[in-house]
Amino acid sequence: MPTNNVAAPGKKKVPGAKLQKATNKRKDEEDDYGDYGWEERTHGKPVKPADQLDLTDAELNEEVTRILTAQNPHAPQNIVRYSFKEGAFKLTSVVDQLAVHFVLDGCLIHQDSDEARRLAASEDLSEATVDTGTEPDEEKPETLDTSGDGGEEEDAGEDDRPDSASSKTKDQKLKCTNQFNFIERASQTLNNAMRDRSCQTVPPPRCNYSASANQWEIYDAYTEELQKQEMKKEKQRAFQTKKDGDQNKKKIVNDTPVTQFRFSTSTSDDITQMATAVTLLERMVNQNTCHEIAQDFKFFEDAADEFRDQEGTLLPLWKFQYDKAKMMCVTALCWNEKYPDLFGVGLGSYDFSKQGRGMLLFYSLKNSTFPEYIFPTSTGVLSLDIHKRHSYLVAVGFYDGCVCVYNLKKKSMEAEYKSNAKTGKHTDPVWQVRWQSDDMDKNHNFYSVSSDGRVVSWTLIKNELVFSDTIRLMLDDAVFDGPEGIRGRSAVGGTSFDFHKQNEPLFVVGTEEGKIHKCSKNYSSQFLETYIAHNMAVDALKWNPYHPKVFISCSSDWTIKIWDHTVNTAMLTFELSAPVGDVAWAPYSSTVFAAVTTEGLVHVFDLSINKYQAICRQPVVAKNKSKLTHIEFNPVRPIIIVGDDRGSVISLKLSPNLRKKPKGKKGQELPEGPEVEVVKMEKLLNLLRDSEQSSVK
């Protein structure tokens, strides 16, 4: 049975446990006092330390006064701040005197607080079990003192013993720690001291201003502004009147009909003030309307290309259509080099029996619903070219043989420069125009080729076009008898031409009989080389943008041919089973080119992947409804535009397989740049030359 703290009646209490506790307490106090024994302390005798300072009675009786203040001795006393009230720098009278010497976050909880009660209730300390080294069902043996000297007193003081089970239970109770306080962990880190940084600037200048305005002053201000506007309108009317007079004089002299477009000066000022805001608003509305197409243009990549081996696809984007040009044919396309989202479209007709009015339009990818610029023309447009550096200058060739230059900076609908019969205009349609670098006098110039067999250089000097014949295309075997027995050669019509990218004087010209002539600006009397190229008229000629020896040609005889200008025969020939309207090299690769046919198909070739057939052959328009006429690559983005014979232009995005670059081995990066593209084409040409030599042997 467990023992009690209550003694049995009739027995004497023996204070054994209390005596032991008193003895232990005395020993602890003796240890605390060190050399000073228990006897000296209990008798009240003062003990003098050995190192105590000896003072006289006067020094002991002297009063020393010390005053404690709440000021920080290390606080700065010369802090200067700017006073906005007085407008000057002043010494700060209030200084922070607080100094923190030690901060420690404790983990103790007051026993009467709500948190302490919750912890006590959750832990249920009164029912906690502690392992005392015995089994829970084992009974403790009862020991009784038979001597009668106080055995019961020992039982009564058993709980007060340091080695008793109850004392062990109290010592082994689990300590409740705060799980959000990390001060009790085994290691602590030093927190960096907080730093303050501030800067002061010179206050802004201020001045006092006061004024009063009455009705007369307001009226005078409005009157002055109205007079300025009237003077501006008068100047515009005078300038327009002078310009109309000059145009009427030119019309009488040239005796050619000129369509005039006039604007009301009273309304044009109001419109131009809102033009920029309206244009931005229109683009925002259209981009919100065509949001999905805009996202495809920017981010879409055809993931199915990974499973198509080497073939690719074209993703249709926007379709550009102007209502007044639906009955016209797209005869020319050209991207703007400076603004890659802007391109020009020439509209006219290739049918000589259906000639009429034409149109020159400029579209932006930011607004597909309406052209940015519209220039109606009296005859059909057959060719155009935008200047590389001065992107506002546009050279245009017409069906009636005229060439002109439009300036997009000017609001006038009329061309800034235009040729006529007196200034050497062509007598037949102008099939191609190309800008060239400025001459020695820094004058802009461009070239044109026409069915009359002339390749003409046009120079912009002041307000007129000055021409000079570069070369005349003649038939060597066709000789005719002229008046007075003069014999001459017949002229052959030129259909297309292109200048070399590195060697500027060198150019190639395609003719109606299917031949290609290599010419130079420095030799106007003869050809450098003649290639028997096609059986029908050469529709397009393009030099390779990377390799200096390679150019490409296409014709209505269904074929595309790739040439090395140092060899008389074609290096590669592709037959597309339909008349080829146009061909274009890709700006990102020396071996990629695309072509369009009258069946409405777009063909994309990559010679480094397949030298025999296209890696993409995709219909863009219905075969029986319309025909594709022209194609152009965007100089920056992976898209192309194609035009048809119904006045519409369709933009398409190339899939990754049509513009992928060769991959190197693991961890190896292939070099990039024009030199790499030249080497890639040169390898292809060497393979073709070797195959030709082996076939000849």
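Excluding ligands, DNA and RNA, what is the solvent-accessible area per residue of the stretch 423-480 at a probe of 1.4 Å, expressed in Å²? Could the numbers behind the result be given before it?
Numbers: 2710 Å² over 58 residues.
Heavy-atom accessible area per residue stands at 47 Å².
Counting only Cα atoms, the size of the stretch 380-483 along its three principal axes is 50, 32, 23 Å, in decreasing order.
How large is the dipole of the stretch 406-445 about the Cα centre if only Lys and Arg carry +1 and Asp and Glu carry -1, each at its Cβ, rounded to the nearest 20 debye? Intermediate results must be reported in sequence, preceding the final value.
Numbers: 8 positive and 6 negative charges, 43 e Å.
Result for the stretch 406-445 is approximately 200 debye, rounded to the nearest 20.
In this label model, Leu281 and Lys660 are separated by 4.8 nm, measuring between points 7 Å along each Cα→Cβ vector. Projected label points at Gln215 and Glu234, each 7 Å from Cα along the beta carbon direction, are separated by 3.0 nanometres.
For the pair Tyr523 and Glu672, label points projected 7 Å from Cα toward Cβ lie 4.1 nm apart. Rg then Dmax, both in Å and based on the Cα atoms of the stretch 497-574: 11.6, 34. On the beta carbon distance between Thr223 and Lys366, with R0 = 45 Å, the FRET formula returns roughly 0.60.
Taking chymotrypsin sites (Phe, Trp or Tyr not before Pro) across the stretch 302-362, the ones in a DSSP loop with at most 16 further Cβ atoms lying within 10 angstrom of their Cβ are Tyr350.
Computed from the Cα positions only, the extents of the stretch 578-637 along the three principal axes stand at 33, 26, 16 Å, in decreasing order. The C-alpha atoms of the stretch 293-435 occupy a region whose extents along the principal axes are 62, 35, 29 Å, arranged from largest to smallest. The Rg/Rh ratio for the stretch 453-594 is 1.01, where Rg is the radius of gyration of the alpha carbons and Rh is the Kirkwood radius. Calculate, for Arg81 and Glu306, the FRET efficiency according to 1/(1 + (r/R0)^6) with r their C-beta to C-beta distance and R0 56 Å; round to the nearest 0.05. FRET efficiency, Arg81 to Glu306: 0.25.
Add +1 for every Lys or Arg and -1 for every Asp or Glu among the other residues with Cβ under 11 Å from the Cβ of Phe300, and state the total.
Details: positive: Lys298, Lys653; negative: Glu292, Asp296, Glu301, Asp302.
That sum, taken over residues with Cβ under 11 Å, equals -2.
For Asn407, the residues 5 or more places off, or on other chains, whose built amide H falls under 5 Å of its own are Glu416.
Which trypsin sites (Lys or Arg not before Pro) does the stretch 569-666 hold that lie in a coil by DSSP with at most 11 other beta carbons within 10 Å? Write out the running numbers ahead of the final one.
Details: sites: Lys611, Arg617, Lys623, Lys625, Lys627, Arg646, Lys653, Arg659, Lys660, Lys663, Lys665, Lys666; in loops: Lys611, Lys623, Lys625, Lys627, Arg646, Arg659, Lys660, Lys663, Lys665, Lys666.
Hits after loop and neighbour filter: Lys625, Lys663, Lys665, Lys666.
The values are calculated or read from the model by the stated rules, or taken from the named source; none is laboratory data. Everything numeric here is computed off the predicted structure, so don't read it as measured data. Note that each Cβ is placed from the backbone with ideal geometry, even for glycine, and that neighbours are counted across all protein chains shown. With ligands, DNA and RNA removed, areas are computed over all heavy atoms of the protein, side chains included. Shrake-Rupley method; radii C 1.70, N 1.55, O 1.52, S 1.80 Å.
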